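These notes are about the structure you will find just below.
The values are calculated or read from the model by the stated rules, or taken from the named source; none is laboratory data. None of these values were measured; they are calculated from a predicted model. Note that we place each Cβ from the backbone using ideal geometry, even for glycine, and neighbour counts take in every protein chain shown.
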Amino acid sequence: MGRRKMQITQEAIVIRERSIGEDDRLLTLLCRQEGVITAYARGAQKMKSTLGPSCGLLAYSTFQLFHSRERYIVDRADTINLFFGLRQDIEKLALASYLAEVACVTAPSGQDSEAFLRLLLNCLHFLEKGAFAPVFIKPVFELRCLAMSGFMPDLVACCGCGCYEAEKMYLAVNDGTLWCGECVSGPEAKYMALTPGVLAAMRHVIYSELPKLFSFRLSDEGIRYLGRVCEAYFLAQMGQGFQTLDFYHSLSGMEAWAAANLPDRAKEILTKGGEDI
Ligand SMILES: [Zn+2]
């Protein structure tokens with residue numbers, strides 16, 4: 001058993017947080033070196049606490065952590081980026097919260113998590129700046145996280161005959177295997193059909209280097225379908241649902257309803273919040 005230092009410094013982002021009593025918070029942090037850890041932030045909910053801003057969901061900071069009796073306690077935190085722009089757009093914030101939860105269940109604990117941290121920070125940055133649409137960022141993040149955490153689908157070739165590409169290819173969402181139209185068999189519910197474009201996009205997301213992760217093109221329809229496939233595969237692999245995902249989806253329903261039913265001014269308030277009104 002390795003001995004741990006009593007005090008460590010980690011760059012980390014808050015990927016989950018909840019209140020403990022009136023004053024404290026329990027944080028789940030994605031740390032550059034230590035992966036996913038939980039840490040107590042004592043007094044973080046008090047008005048005068050210097051920890052407050054650094055302990056909110058999605059805050060990225062340098063944390064000084066005190067490690068004692070198998071638990072971490074936040075001693076100090078210096079904010080690097082609060083991703084303030086995400087907090088002004090409910091769709092972006094909803095997706096960012098879901099991405100944080102995906103990181104929570106896929107990133108490792110107690111080991112180097114540089115790749116996960118960089119991926120999450122990049123995606124939050126793209127989302128905040130509007131570099132890519134939420135519907136594009138979501139499947140790329142889900143699939144890449146799965147690939148990095150031992151759930152990489154085997155998209156090299158058809159499991160049956162070894163062909164690389166066919167007019168129709170299918171992903172088995174329960175085990176991540178790939179099948180061509182000739183070899184696929186079994187209950188239909190298990191498979192999702194992949195167009196050549198969607199399959200090429202999935203291969204790119206899995207095998208490309210991080211700086212090139214978003215360097216691929218797909219039609220709007222293709223991106224929406226990629227979203228369905230990656231979400232189905234993610235949920236099948238995790239074996240559970242996610243409240244943040246349900247909330248993100250509920251927003252698209254709300255937008256459609258608002259577009260059909262509300263006058264423009266009310267839509268603005270709904271989508272942009274109550275500022276300047
Ligand atoms: Zn085949």
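Being of a type in the set (A, V, I, L, M), within 30 Å of Arg71 (Cα to Cα) and away from the ligand (no atom under 16 Å from the Cβ), is that true of even one residue in the range 108-116?
Taking the range 108-116 as the starting set, the residues that turn out to be of a type in the set (A, V, I, L, M) are 115.
From what's left, within 30 Å of Arg71 (Cα to Cα): 115.
Then drop every residue that is not away from the ligand (no atom under 16 Å from the Cβ), which leaves 115.
The answer is yes, given that some residue of the range 108-116 is of a type in the set (A, V, I, L, M), within 30 Å of Arg71 (Cα to Cα) and away from the ligand (no atom under 16 Å from the Cβ).
Report, by residue number, each residue of the range 79-123 that is of a type in the set (Ser, Thr, Tyr) and closer than 22 Å to Leu51 by Cα. Show your work before the answer.
Let us first name the residues in the range 79-123 that are of a type in the set (Ser, Thr, Tyr), namely 79, 97-98, 106, 109, 113.
Within the range 79-123, Thr79, Ser97 meet the criteria.
So Ile37 clears everything in (1) farther than 30 Å from His249 by Cα; (2) crowded, with 17+ Cβ neighbours inside 10 Å except one condition, right? Which one?
Only one criterion in (1) farther than 30 Å from His249 by Cα; (2) crowded, with 17+ Cβ neighbours inside 10 Å is unmet by Ile37, namely (1).
Out of all the residues in the range 10-38, which are more than 24 Å from Cys123 (Cα to Cα) and either aromatic (Phe, Trp, Tyr) or assigned to a strand (DSSP E or B) (or both)?
Restricting attention to the range 10-38, the residues satisfying the condition of being more than 24 Å from Cys123 (Cα to Cα) are 19-26.
Residues satisfying the conditions are Ser19, Ile20, Asp24, Arg25, Leu26.
What do you reckon, is Thr28 under 25 Å from the mean Cα position of the chain (by Cα) and touching a residue at least 60 places away in the same chain (Cβ under 8 Å)? Steps first, answer last, please.
Working: under 25 Å from the mean Cα position of the chain (by Cα): yes; touching a residue at least 60 places away in the same chain (Cβ under 8 Å): yes.
Yes; evaluated as a whole, the condition is true for this residue.
Restricting the range 68-80 to residues that are in contact (Cβ under 8 Å) with a residue 24 or more places away in the chain and either assigned to a loop (DSSP other than H, G, I, E, B) or not charged (D, E, K, R) (or both), which is surrounded by the fewest Cβ atoms within 10 Å (Cβ to Cβ)?
In this case the residue turns out to be Ser68.
Quick one: in the range 164-198, of everything that is more than 8 Å from the ligand (Cβ to nearest atom), of a type in the set (Gly, Ala, Ser) and in a loop (DSSP other than H, G, I, E, B), which residue is surrounded by the fewest Cβ atoms within 10 Å (Cβ to Cβ)? Lay out the reasoning, then the answer.
The first filter runs over the range 164-198 and keeps only residues more than 8 Å from the ligand (Cβ to nearest atom), leaving 164-165, 167-178, 185-198.
This time we only want the ones that are of a type in the set (Gly, Ala, Ser), so: 172, 176, 185-186, 189, 193, 197.
Pick out the ones that are also in a loop (DSSP other than H, G, I, E, B) and you get 176, 185-186.
Details: Gly176: 17, Ser185: 9, Gly186: 11.
Checked the range 164-198; the qualifying residue surrounded by the fewest Cβ atoms within 10 Å (Cβ to Cβ) is Ser185.
Counting only residues that are without any contact (Cβ under 8 Å) to a residue 24 or more places away in the chain and within 11 Å of Arg203 (Cα to Cα), which one in the range 144-163 is nearest to the ligand (Cβ to nearest atom)?
Ala157
Quick one: how many residues across the range 234-244 are in a helix (DSSP H, G or I) and either under 25 Å from Thr177 (Cα atoms) or in contact with a Lys or Arg (Cβ under 6 Å, 6 or more places away or on another chain) (or both)?
Narrowing the range 234-244 to residues in a helix (DSSP H, G or I): 234-238, 243-244.
The next check asks that each one be either under 25 Å from Thr177 (Cα atoms) or in contact with a Lys or Arg (Cβ under 6 Å, 6 or more places away or on another chain) (or both); those that pass are 234-238.
Residues in the range 234-244 being in a helix (DSSP H, G or I) and either under 25 Å from Thr177 (Cα atoms) or in contact with a Lys or Arg (Cβ under 6 Å, 6 or more places away or on another chain) (or both): 5 in total.
Please specify each residue of the range 100-135 satisfying the condition of being outside any helix (DSSP H, G or I), surrounded by 19 or more Cβ atoms within 10 Å (Cβ to Cβ) and of a type in the set (A, V, I, L, M).
Result: Ala107, single match.
To keep it simple, each residue is scored yes or no on (1) under 23 Å from Met148 (Cα atoms); (2) assigned to a strand (DSSP E or B); (3) assigned by TED's automatic domain parsing to the domain that holds Leu124; (4) in contact with a Phe, Trp or Tyr (Cβ under 7 Å, 6 or more places away or on another chain).
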residue: Met202; (1), (2), (3), (4): yes, no, no, no
residue: Phe214; (1), (2), (3), (4): yes, no, no, yes
residue: Glu221; (1), (2), (3), (4): no, no, no, no
residue: Cys230; (1), (2), (3), (4): yes, no, no, no
